[in-house]
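Here is the structure we will look at.
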Amino acid sequence: MKTTKVIEYLTEHDVKPSVQRIAVMDYLLTHRTHPTVDEIYNALAKQIPTLSKTTVYNTLKLFVEKEAALLLTVDERNSCYDGCTDPHAHFFCTKCCKIYDLPLEESVLSYEKLMPKGFDVQTVDLYYRGVCENCKNK
């Protein structure tokens, strides 16, 4: 993704751009693989030698706080991150451990009808677990 687009995206989410933040967000937006901190660090460390895992972790934490990225806890062992903040569901394959994006039907998004009065919903996370088509056909 172009750096100017990434800077605009960060600015829209009230995140002050820096070399590290731009690189991490660009990675999230161009690699729709739901990466972990380690995966992002390993991918960017060669091009940014001063980058540390702590910086990646703190950057992702900031992105989640500013709603510029999603924290996924589909797998109990790892936290993954998603640069797509549009409403969508996730499917976790229990065999290959990949996470897939799934579209949501409009009816699922109208959760207000299901909520008792007085509840203030801030996020909706919908995770499916099972075996993906690739693993099922092996």
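The values are calculated or read from the model by the stated rules, or taken from the named source; none is laboratory data. Bear in mind that the values here come from a model prediction, so they are computed numbers and not experimental data. Don't worry about glycine lacking a Cβ; one is built from the backbone with ideal geometry, like all the others, and counts go over all protein chains shown. These accessible areas exclude ligands, DNA and RNA; they are computed on the full protein's heavy atoms, side chains included. Shrake-Rupley method; radii C 1.70, N 1.55, O 1.52, S 1.80 Å.
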- Is it the case that some residue within the range 55-62 is within 26 Å of Asn137 (Cα to Cα), over 15 Å from the mean Cα position of the chain (by Cα) and β-branched (Val, Ile, Thr)? no
- Message: I want to confirm something. Restricting to the range 28-64 and keeping residues that are charged (D, E, K, R) and assigned to a loop (DSSP other than H, G, I, E, B), which single residue is least open to solvent (accessible area, probe 1.4 Å)?
- Response: Arg32
- Query: Can you name every residue in the range 13-52 that is of a type in the set (D, E, K, R) and more than 17 Å from the chain's Cα centre (by Cα)?
  - Reply: Asp14, Lys16, Lys46
- Message: Any residue that is part of a helix (DSSP H, G or I), free of Cβ contacts under 8 Å to residues at least 60 places away in the same chain and surrounded by 13 or more Cβ atoms within 10 Å (Cβ to Cβ) - is there at least one of those in the range 65-85?
- Response: yes
- Sort through Tyr100, Tyr9 and tell me the only one that's touching a residue at least 12 places away in the same chain (Cβ under 8 Å), of a type in the set (Phe, Trp, Tyr) and over 26 Å from Cys132 (Cα atoms). Tyr9
- Report yes if some residue within the range 110-129 is exposed (fewer than 13 other Cβ atoms within 10 Å of the Cβ), more than 23 Å from Ile7 (Cβ to Cβ), touching a Ser or Thr at 6+ places or on another chain (Cβ under 7 Å) and not hydrophobic (A, V, I, L, M, F, W, C); otherwise report no. yes
